[in-house]
Every structure is written in structure tokens, then in C-alpha cells.
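**Q** Quick one: the structure is below, and I'll ask about it shortly.
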Amino acid sequence: MPEAYERHLVPVLFRPFAADLAARAAALRPRTVLELAAGTGVLTSALLAAVPAASVVATDLNDAMVATGAVREPRARWRQADAQELPFPDGGFDLVVCQFGVMFFPDKSAAFAEVRRVLAPHGRFLFSSWGPLDSHGFDAAFQSALDDSMPEGAPQFLREVPHGYTDPSVVAADLTAAGLVLAAAEKVTLQGEAESAESVAVGFLTGTPVSAAVQDRADAQALRAAVSRRMTERLGAGRVTAPMTATVYTAHHRT
């Protein structure tokens with residue numbers, strides 16, 4: 001899964017936002033950075049380029065992601081870690097950053113409370129969350145193709161998890177419950193570019209939890225082909241582009 005995620009999805013969906021988030025991080029001039037839900041390290045690399053003097057610790061819950069990220073970006077210190085039980089001392093980081101990971105935290109307020117604990121008194125928490133599904137050209141196209149190809153009931157992972165935490169007022173309430181204050185919430189729309197719609201379909205079908213609902217089916221190969229075909233019909237043949245919308249949040253300790 002990490003290899004398919006890195007090959008097919010990271011360049012298209014995550015690298016454009018990593019550059020944006022790293023630039024925002026650099027403006028804060030941190031010396032010690034903790035990254036949560038780092039995946040295979042696309043933001044990690046962007047952070048190290050944007051803030052070369054900073055010490056960066058990259059974490060993820062998934063051991064395979066950590067192993068892949070450590071090979072891909074050895075300049076960071078990698079740790080397997082649950083965002084709800086961080087293995088770090090109080091106040092140890094000037095900046096905690098998380099790109100498209102908070103949606104996966106089962107107890108968001110508990111994770112945010114851990115961020116508050118490890119964040120220095122004047123530190124910042126910088127993170128992003130995807131907007132509604134229909135605001136993301138690639139994800140919406142994939143979910144539509146999956147729904148059409150599995151009329152008996154397609155997995156709703158994209159709609160319920162990556163695109164299931166879209167209301168800034170809910171995010172603000174979760175931060176407040178954790179003892180943090182939401183300072184800014186900015187909607188950002190960037191263009192993603194893929195070598196083909198089929199490549200993105202392969203990434204979703206083999207590099208995300210959707211794969212669990214597909215891989216053991218007797219018609220798995222035909223299903224993958226149908227989803228790829230429908231995505232291509234919607235997005236076009238050859239290289240394709242699509243808009244992607246997210247919200248970037250900045251939070252800090254309550255003063």
C-alpha cells in the first residue's frame with residue numbers, strides 16, 4: 001500500500017499542498033518541528049527544504065509508512081506514534097504540523113490535547129483538512145466511478161473519512177475542547193496534475209483502505225478496469241488536471 005500511495009497519489013494530491021504548507025511553516029521560523037501522520041514523507045521533504053535549520057521529527061501510526069518514509073527522507077527523525085498518545089515530553093516543539101491527517105484521528109479532541117501538551121507556549125499548530133468531496137476533482141471522479149461500478153454498495157471511505165471533517169466550526173470546537181484556539185482557517189484551492197486518470201484510479205484502488213473491499217473479489221480485475229474507464233471518461237485521456245480544495249488551519253495555546 002505505501003508504494004502504490006507514493007507512486008500514484010502523492011505527486012498528484014499531496015505534493016502541491018505540501019509546498020504551500022511548508023511555506024507557511026517557514027514563515028513561523030520554527031527550530032523544532034513535529035509532523036503528525038507524515039505518511040511517506042512528502043511534507044517532511046518540503047519542510048526540510050523550507051526550514052533547513054530546523055530539527056524535524058516525522059511520525060505516523062502505520063509502521064509501513066514510517067519505514068518507507070525513513071528510507072525516502074532520512075534527514076528527518078522518524079517515529080511510529082499514535083497522535084492520541086504522543087511519546088514526547090511537554091512543550092518540546094515550536095511547531096506541530098499535520099497535512100491531511102487529522103480526519104483520521106478517532107478522537108480528534110484527544111489528539112489536539114496531545115498537540116497542546118507537546119507544543120511550546122508560543123508555538124503553533126498548522127494543519128490541513130480536505131474540503132467537501134465535490135470540491136476535489138480527482139476524489140469526486142473516483143468516488144463517482146466506484147459508485148457506478150459497484151451498484152450493490154461501494155465503499156464510502158473518501159466521503160466519510162478524508163472528506164468527512166470539512167466544517168471549520170466543528171474543527172474550532174474540537175480545538176477549544178483540547179485547550180487550543182483557532183487563529184485562522186483559510187480555504188485553499190490548488191491544481192493537481194496526473195499522468196492519467198487511470199493512474200489515480202490505481203492509486204486509490206491499491207494505495208488506500210478502498211483496496212480491502214476490492215482485492216479479494218472474484219471480479220477485482222474487471223472492477224478496477226471499469227473504475228479506471230469511468231474516471232477517464234470523466235477527466236479525459238492522457239495527462240489530466242483537476243482542482244482540489246482544502247482548508248489550512250492555524251491554532252495556538254489559549255492565552
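The values are calculated or read from the model by the stated rules, or taken from the named source; none is laboratory data. Keep in mind that what you see is a predicted model, and the values were worked out from it rather than measured. Note that we place each Cβ from the backbone using ideal geometry, even for glycine, and neighbour counts take in every protein chain shown. For accessibility, only protein heavy atoms count, side chains too; no ligands or nucleic acids. Shrake-Rupley method; radii C 1.70, N 1.55, O 1.52, S 1.80 Å.
**Q** Got a number for the accessible area of VAL42? Probe 1.4 Å, square angstrom, nearest 10.
**A** So the heavy atoms of VAL42 present about 20 Å² to solvent.
**Q** Using a 10 angstrom cutoff on alpha carbons, build the Gaussian network for the chain and name the most mobile of VAL181, VAL96, VAL71.
**A** Highest fluctuation of the listed residues: VAL71.
**Q** Rank LEU158, LEU190, LEU28 by accessible area, highest first, at a 1.4 Å probe radius?
**A** The ordering from most to least exposed comes out as LEU28, LEU190, LEU158.
**Q** Follow-up. Give me the accessible area per residue for the chain, probe 1.4 Å, as a whole number in Å².
**A** Heavy-atom accessible area per residue stands at 43 Å².
**Q** When only DSSP loop residues count, what chymotrypsin sites (Phe, Trp or Tyr not before Pro) in the range 155-255 have their Cβ near at most 14 other Cβ atoms within 10 Å?
**A** none
**Q** Can you give the longest run of the chain that contains no trypsin sites (Lys or Arg not before Pro) sitting in a DSSP loop with at most 14 other Cβ atoms inside 10 Å?
**A** 76-216
**Q** Sequence-distant or interchain residues sharing an amide H contact under 5 Å with VAL188, placed H: which?
**A** Residues meeting the amide H criterion: ALA246, THR247, VAL248.
**Q** Rounded, prolate or oblate: which fits the range 191-237, taking a ≥ b ≥ c as square roots of the Cα gyration tensor eigenvalues, rounded meaning a/c under 1.5, else prolate when a/b beats b/c? Before the final figure, lay out the partial values.
**A** Numbers: a/c = 3.22, a/b = 1.59, b/c = 2.02.
Oblate, since a/c reaches 1.5 and b/c is not below a/b.
**Q** Further question on the same structure: Would you work out which of PHE125, GLY153, ALA37 lies farthest towards the positive end of the dipole of the chain? Charges go on Cβ: Lys and Arg +1, Asp and Glu -1.
**A** Result: PHE125.
**Q** Scan the chain and note any complete DSSP helix (H) whose C-alpha atoms cover at least 20 Å along its axis and whose Kyte-Doolittle average is -0.5 or more.
**A** The qualifying helices are 220-235.
**Q** When the accessible area of the range 102-243 is split by element with a 1.4 Å probe, what percent falls to carbon and sulfur?
**A** For the range 102-243, the apolar C and S fraction of the accessible surface comes to 51 percent.
**Q** Quote the accessible area belonging to ASP107 in square angstrom, nearest 10, computed with a 1.4 Å probe and with ligands, DNA and RNA left uncounted.
**A** Its accessible surface works out to 70 Å², give or take rounding.
**Q** So for the range 1-78, averaging the separation of alpha carbon pairs under 8 Å that are six or more residues apart and normalising by length, what relative contact order in percent results?
**A** Averaging sequence separation for qualifying contacts and normalising by length gives 31 percent for the range 1-78.
**Q** Just in the range 3-95: which chymotrypsin sites (Phe, Trp or Tyr not before Pro) are loop by DSSP and have at most 11 other Cβ atoms within 10 Å?
**A** none
**Q** Considering only DSSP beta bridges whose two residues both sit in the chain, what percent are antiparallel, to the nearest 5? Each step should come with its number before you reach the end.
**A** Values: 22 of 40 bridges.
Taking every DSSP beta bridge within the chain, about 55 percent pair in antiparallel fashion.
**Q** Sticking with this structure for a sec: Using a ≥ b ≥ c from the Cα gyration tensor of the range 161-248 (square roots of the eigenvalues), is it rounded, prolate or oblate, where a/c under 1.5 gives rounded and otherwise the larger of a/b and b/c decides, a/b for prolate? List each step's numbers first, then the result.
**A** Values: a/c = 4.17, a/b = 1.81, b/c = 2.31.
Judged from the Cα gyration tensor, the range 161-248 comes out oblate (a/c at least 1.5, b/c at or above a/b).
**Q** Please give the calculated 222 nm ellipticity per residue for the chain, where each DSSP H segment of at least 4 residues contributes -39500 (n - 2.57) and the sum is spread over every residue; nearest 500 deg cm²/dmol?
**A** -11500 deg cm²/dmol
**Q** Still on this structure: Over the chain, what is the mean sequence separation of C-alpha contacts under 8 Å (at least six apart), divided by residue count, expressed as relative contact order in percent?
**A** Across the chain, relative contact order equals 22 percent.
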